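The values are calculated or read from the model by the stated rules, or taken from the named source; none is laboratory data. Keep in mind the model is a prediction, meaning the values are calculated, not measured. Glycine gets a Cβ as well: all are built from the backbone with ideal geometry, and neighbour counts include every protein chain shown.
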Amino acid sequence: MSSAKTQRSATARFDSLEQEAFLSLWRTYDRLRALEDEFFRPYDLTPQQYNVLRLLKAHHPAPLPTLDVANRLV
């Protein structure tokens, strides 16, 4: 099968290559998010809470003001 024919049949389900790329990225994001949720569930943590704990650990024993935490998370 020619490359052009393969490309046409692969994109036949989509209106455009851009749409196919977007939906592929969205599915990948969704799968990674599910793995992330599964990983943190036993610890009753969200990914955001984990990031805050990681920041605090990196600055331990020095204090880290709340505003600094917020600025680093954004």
**OP:** Considering only region 18-31, state which residues are of a type in the set (S, T, N, Q) and surrounded by 12 or more Cβ atoms within 10 Å (Cβ to Cβ).
**Re:** 19
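Does any residue of region 32-43 turn out to be among the acidic types (Asp, Glu), surrounded by fewer than 10 Cβ atoms within 10 Å (Cβ to Cβ) and modelled with pLDDT under 95?
No, region 32-43 contains no residue that is among the acidic types (Asp, Glu), surrounded by fewer than 10 Cβ atoms within 10 Å (Cβ to Cβ) and modelled with pLDDT under 95.
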**OP:** Kindly indicate the residue of region 1-17 that is of a type outside the set (A, V, I, L, M, F, W, C) and surrounded by 10 or more Cβ atoms within 10 Å (Cβ to Cβ) and also modelled with the lowest pLDDT among those meeting that condition.
**Re:** 11
